[in-house]
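Shown next, in structure tokens, is the structure this report addresses.
The values are calculated or read from the model by the stated rules, or taken from the named source; none is laboratory data. Computed from a predicted model, the values in this text were never measured in an experiment. No Cβ is skipped: glycine too gets one built from the backbone with ideal geometry, and neighbour counts run over all protein chains shown.
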Amino acid sequence: MTSKKNFKELLSNVKAFAFDVDGVFTDGIVLLHPSGELLRTSNTRDGYAVHVAIERGFPIAIISGGKSDVIGTRFKGLGVTDIYLGVQDKVEALEDFRFKYGIELFNILYMGDDLPDYEVMQRVGIPTCPRDAAPEIQNLALYISTYSGGKGCVRDVIEQVLKVNGKWGPSSNGLQ
């Protein structure tokens, strides 16, 4: 595993982010609404960090096996334009995203939490995960956040990247 120092050095290479949703932006607990909709909670600070990263020029992809319209609406509201929902092949979605922006795999930070993220994490330059990710994912990660899924792990990695690149600070738009 890469040391924390080496991880910090790699942060200046990040040109884009890609994230799974359930277990990363959420705590992985899904409530079933009587309408059949799956209800999730998310951390507003994670959302704010996504908004700031986009505002500062970092493309962000959401790559999820889930296909809820609510997820798409939430991320569109934060400014995310690359939203891949109902994905069976996360590697294919990642390739589409990187080619769209001309970004090399080693310049992408990906955060995932479970086995569907395994192949993507093997390919990107900076694989990361929440504190409560599956052991197989933790073994692949160059960085394991001190925060769990849905509890600030997204903010953690985005803030670190933006700070290293001199781009962290108050947003001109307080959108969360």
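Table for the structure above
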quantity: From the options I63, I83, residue that is under 12 Å from F19 (Cα atoms), β-branched (V, I, T), modelled with pLDDT of 95 or more and in contact with a Gly (Cβ under 7 Å, 6 or more places away or on another chain); calculated: I83
quantity: Inter-residue pairs, beta-carbon under 6 Å, first within 16 Å of A18 (Cβ to Cβ) and outside any loop (DSSP other than H, G, I, E, B) and in the range 152-176, second at pLDDT 95 or above and aromatic (F, W, Y), 6+ apart; calculated: C153/Y147; D156/Y147
quantity: Where T146 falls short, out of the listed (1) part of a loop (DSSP other than H, G, I, E, B); (2) hydroxyl-bearing (S, T, Y); (3) surrounded by 21 or more Cβ atoms within 10 Å (Cβ to Cβ); calculated: (3)
